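J.: This is the structure I have questions about; it appears just below.
The values are calculated or read from the model by the stated rules, or taken from the named source; none is laboratory data. This one's a predicted model, so the numbers in the text were calculated from it and none came from an experiment. Glycine gets a Cβ as well: all are built from the backbone with ideal geometry, and neighbour counts include every protein chain shown. Note: areas computed on protein heavy atoms with side chains; ligands, DNA, RNA excluded. Shrake-Rupley method; radii C 1.70, N 1.55, O 1.52, S 1.80 Å.
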Protein chains: 2
Amino acid sequence: MSRTETDLVLVLSQAIEKNDFDNAFIALKGLRPIDVADALEQLEPTLCWRLLELLPNRAEIFSYFEPEEQVCFAREFPRASLAELVSEMPADERTDLFKRLDPSQRATLLPALAEEDRADIHKLSAYVEGTAGALMTSDYAALKQDMTVLQAMTYLREEAPDAETIYQAYVVDDQKCLLGVVSLRDLIISDLDKSVKDLMTSDVVSASAFDDQEDIAKKIARYDLLALPIVDKQGALIGIVTYDDAMDVVSEEATDDIHKSAGVSTIIGSIKGASIGLLYRKRVFWLVLLVFGNLFSGAGIAHFEDIIAANIVLVFFLPLLVDSGGNAGSQSATLMVRALATGEVVMRDWLYLIGREALVALALGCTMAAAVSILGYIRGDSTVALVLALSMVSIVMIGCMIGMSLPFILSKFNLDPASASAPLITSVCDATGVVIYLFIASLLLADLSIVPV
Amino acid sequence: MSRTETDLVLVLSQAIEKNDFDNAFIALKGLRPIDVADALEQLEPTLCWRLLELLPNRAEIFSYFEPEEQVCFAREFPRASLAELVSEMPADERTDLFKRLDPSQRATLLPALAEEDRADIHKLSAYVEGTAGALMTSDYAALKQDMTVLQAMTYLREEAPDAETIYQAYVVDDQKCLLGVVSLRDLIISDLDKSVKDLMTSDVVSASAFDDQEDIAKKIARYDLLALPIVDKQGALIGIVTYDDAMDVVSEEATDDIHKSAGVSTIIGSIKGASIGLLYRKRVFWLVLLVFGNLFSGAGIAHFEDIIAANIVLVFFLPLLVDSGGNAGSQSATLMVRALATGEVVMRDWLYLIGREALVALALGCTMAAAVSILGYIRGDSTVALVLALSMVSIVMIGCMIGMSLPFILSKFNLDPASASAPLITSVCDATGVVIYLFIASLLLADLSIVPV
């Protein structure tokens, strides 16, 4: 929290303790809901509730509380008050909160809610986290196609307080089947007696509730949609996902891919609030796997132990060379994994890309070979320099080929390309790098006596 | 392109060559602008233009062409036609195209544009890429505060075709100073004789044209804004950035961070279309730097060469141990860099986080030590196993501490935390890992004779 936020929380606490709500309101006046939420969630639950229950947009403010805080506060708030708050919340936020409550809290809360809200929660919470269904809200604006523009506008005016958005209105039939979409912009520029049917776009971009949230976000981004309607198998409209939720998904999915690239499994929830146990569990798998994976490098070294024993200078350059393969390979893999994830490249592009990568790798390898052979000449002699140069070029080229291909290979077998993490690439390149380096060394140094270090 | 898209392009080419525009239109009917653009940009420029000039929303379609394609096609289109197209394009898209044209193309195009459009391009193209100014459009809807709701609605109806959005209307005075914002939703639910001044929100979230695009996107995401007004130093409204552009920025910035984590410098533009030279230049810096950086590992090994010579089994485990430090450290760094980038953690959280990290690192290190000491016992003996276990715990703990702290240290010195790339962390951890491992080995193995491999 910034200093002003800390001051605000102090002012609020003092004001409430003195029952001085006027001063508390003045402090909060003009702040946006998320800013009010940031301040209120720092307060002790009872103090927080005393202020929250008096604010007109309390449900909106509460839905901006951090997820863990919402659960904490829900535990402390009086049951009837919580039920009232929950029923006023947006449908998707309400469902998210409900899913985080433990069974006893749910059992306490549910009976206090209206039948309609209970049914809505029941429906929305059935969807798996990470799908469109878990993201969507049922608070959409629906019109009938035989409505006139005037009737549609009147209806939207009434719906405005309850709908997530009225800027996109969905045209449905009596079975709630999605027939088309009409924007508020199109409505207000049209003559009042036109029918909705004439205005609407029938070819609606929609998605299924079981679609991955990443695909939802991509659709919304591609078509610059304000909201994406979600339909069931029969084509009936069951909810919408709005642009703001899609933006959060883009960020979440990027975070997940970034974590995967370092061998950290998917963490749902905040990093700051994560427990030691959770962080351990999400990280240990790849680390232990790679301990065993790195055995191949060790085995490669063991195979060439005689040449190492005879030329200890080789060990001096070992980390440098094998790391170069891993670094270059990681770069290639990272570029490809991200490009596949954003849809910028597709499987078909592989042949062109690998050809281009071979040339880039050659250029990089030669540059790095030049750098390392200078070091090799200083530390050893010209033969060592040659060994290093040849090894470097080969290691970098093969490293890049491995790094670039692995995401495509994984994708081909319907695995997540993001599993081609940097640690994995590095370990694979290490093993191949060790073998290449020591093999070249054994070819060129075999006849020589021990090279002084 | 998918198979249906390839078919579509084929159908279109054939239709146009036969001058059969009816068939071409039927093929395109009902497709959204971006889908039409995907098909048209595959056509040969002259064919493409023949179809494009007949489509009513041609400017919108053209702005969905890939940037490189836009420049290509701009070169081929007749000058007068191009000028017409460009003047119809949204202001931000038009400016982006203009910035990509070479000087001769600009010199050809500018005189053919209206004075107003020339001035607009001139103003918008002055902003540096990556700032709000380069992202914004000047096509916003502006109202006067003394307007009634009825007058405002009438005005917005007229502005609708030209404004990027009319869902957010900005209230300005005669000097164009931003006084407030009012949503179309609020307008339509209000009485027609109310004044805009009574409806508007005066506390407007806005930004400067020189703000980083990442901060713009964060603001839009935080406040769930449909559009963010951009003001100059005097507070005058100069443009808006809409949610769809913000979503693209979130994705771009994530891609940039992902690239940085692998030591690839910022690439502007597509990966698929990048030249060999560009890819080489963006990757070579870190790779060569790390070649020299890895010398420290080599020096560490050279220092302990006697113990290595006496115990070649140590070399067998060398890659495994030093890599573990790098892998664990990369995980820590990755988690922190991303959390800092999304604003989830701030500098102040460092002390708590490093304490927690120490415990997680201890747990991970012990698990990995157990794994490696089994291998050490099999390959060597119990002393080797002990050396490996102690080394592993120390290496992992120190690796995690380094990995977690480096982003904060960089941030403290106002450097980009994302420079704490995986290759950098790995190289630093390699050097420390080598020293720790061989030092522990020298302590415990010094008195023993050569351990058989």
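J.: Run the label-point distances for A:Gly235 please: 7 Å along Cα to Cβ, every other copy, nanometres, shortest first.
T.: Nearest to farthest, the other copies are at 5.4 nm.
J.: What angle, in degrees between 0 and 90 and rounded to the nearest 10, separates the Cα long axis of helix B:149-159 from the longest principal axis of the Cα atoms of chain B?
T.: Roughly 80 degrees, rounded to the nearest 10.
J.: With the full set of protein chains in place, find how many percent of the accessible area of segment A:294-445 is carbon and sulfur; take the probe as 1.4 Å.
T.: 73
J.: Moving on to the next point. With 20 Å as the cut-off, how large is the P(r) tail for segment A:273-389, expressed as percent of Cα-Cα pairs?
T.: 63
J.: Let me ask something else. Tell me the label-point distance for the pair B:Asp232, B:Arg100, using the 7 Å Cα-to-Cβ offset, in nm and rounded to one decimal.
T.: For B:Asp232 paired with B:Arg100, the spin-label model returns 2.9 nm.
J.: Rounded to the nearest 100 Å², what is the sum over both chains of accessible area buried where A meets B, with a probe of 1.4 Å?
T.: About 10200 Å² of accessible surface is lost on pairing.
J.: Taking each label point as 7 Å beyond Cα in the direction of the beta carbon, state the distances from A:Asp162 to the same residue in the other copies, shortest first, in nm.
T.: When each copy's label point is compared with this one, the spacings are 4.0 nm.
J.: Tilt of helix B:243-261 relative to the longest C-alpha principal axis of chain B, in degrees (0 to 90, nearest 10)?
T.: 20
J.: Calculated from DSSP H runs of 4 or more alone, at -39500 (n - 2.57) each and per residue, what is the 222 nm mean residue ellipticity of the protein assembly as shown, nearest 500?
T.: -20000 deg cm²/dmol
J.: Here's something else I'd like to know. Compute the signed sum of charges (Lys and Arg +1, Asp and Glu -1) over the other residues within less than 14 Å, Cβ to Cβ, of A:Glu158.
T.: Local charge sum for A:Glu158: -1.
J.: Still on this structure: Please state the relative contact order of segment A:142-249 as a whole percent: Cα pairs under 8 Å, 6+ residues apart?
T.: Dividing the mean separation by the residue count of segment A:142-249 yields 24 percent.
J.: Can you return the lysines within cross-link range of B:Lys18? Criterion is Cα-Cα under 29 Å, with same-chain partners fewer than 8 residues away left out.
T.: Of all the lysines, those that pass the test against B:Lys18 - Cα under 29 Å, at least 8 places apart if same chain - are B:Lys29.
J.: While we're here: Which Cβ of chain B lies nearest the axis of the rotation superposing B onto A, and at what whole-Å distance?
T.: So the chain B residue sitting closest to the axis is B:Ala254, 2.
J.: Next question. Could you tell me which GluC sites (Glu not before Pro) in segment A:42-134 are loop residues by DSSP with no more than 12 other beta carbons within 10 angstrom of their beta carbon?
T.: Sparse-neighbourhood loop GluC sites (Glu not before Pro): A:Glu129.
J.: If exposed means no more than 15 neighbouring beta carbons inside 10 Å and the site is in a DSSP loop, what's the longest run of chain A without any exposed chymotrypsin sites (Phe, Trp or Tyr not before Pro)?
T.: With a cap of 15 other Cβ atoms within 10 Å, the longest stretch comes to A:1-209.
J.: Could I ask something else about it? Which longest run of chain B has no exposed loop site in it, a site being trypsin sites (Lys or Arg not before Pro) in a DSSP loop with at most 10 other beta carbons within 10 Å, and the site itself not part of the run?
T.: Value returned for the longest uninterrupted segment is B:234-453.
J.: For segment A:142-249, what % of the accessible area comes from carbon and sulfur atoms, probe 1.4 Å?
T.: The nonpolar share, carbon plus sulfur, comes to 45 percent.
J.: Lys and Arg at +1, Asp and Glu at -1: add these up for the other residues within a Cβ distance under 15 Å of A:Ser391 and post the number.
T.: Net charge in that neighbourhood comes out at -1.
J.: On to the next question. Ignoring ligands, DNA and RNA, what percent of the 1.4 Å accessible area of segment B:3-130 is carbon and sulfur?
T.: 52
J.: Excluding ligands, DNA and RNA, what is the solvent-accessible area per residue of the protein assembly as shown at a probe of 1.4 Å, expressed in Å²?
T.: On a per-residue basis, 42 Å².
J.: Let me ask you something else. What residues does segment A:22-57 have that are buried by at least 50 Å² of accessible area in the full protein assembly compared to the chain on its own, 1.4 angstrom probe?
T.: Going by heavy-atom accessible area, the residues of segment A:22-57 that drop by at least 50 Å² are A:Arg32, A:Ile34.
J.: Next question. Hey, which lysines would be in cross-link range of A:Lys144, C-alpha to C-alpha under 19 Å, not counting anything within fewer than 8 residues on its own chain?
T.: Excluding near neighbours in sequence, the set is A:Lys176, A:Lys194, A:Lys197.
J.: Around A:Val149, what is the net charge, scoring Lys/Arg as +1 and Asp/Glu as -1 over all other residues with Cβ under 14 Å from its Cβ?
T.: +1
J.: Could you pull the accessible area for B:Thr4 with a 1.4 Å probe, rounded to 10 Å²?
T.: 100
J.: Can you pull the mean other chain C-beta count within 10 Å for peptide B:308-320?
T.: 6
J.: Take B:Asp174 and A:Met347, extend 7 Å from each Cα along the Cα→Cβ direction, and tell me the distance between the two endpoints in nm.
T.: It is 6.7 nm.
J.: Quick one: with label points 7 Å out along Cα→Cβ, list the inter-copy distances for B:His303 in nm, shortest first?
T.: 3.2
J.: Still on this model: Nearest-5 percent of antiparallel DSSP beta bridges in chain B?
T.: Counting DSSP beta bridges with both partners in chain B, the antiparallel share is about 75 percent.
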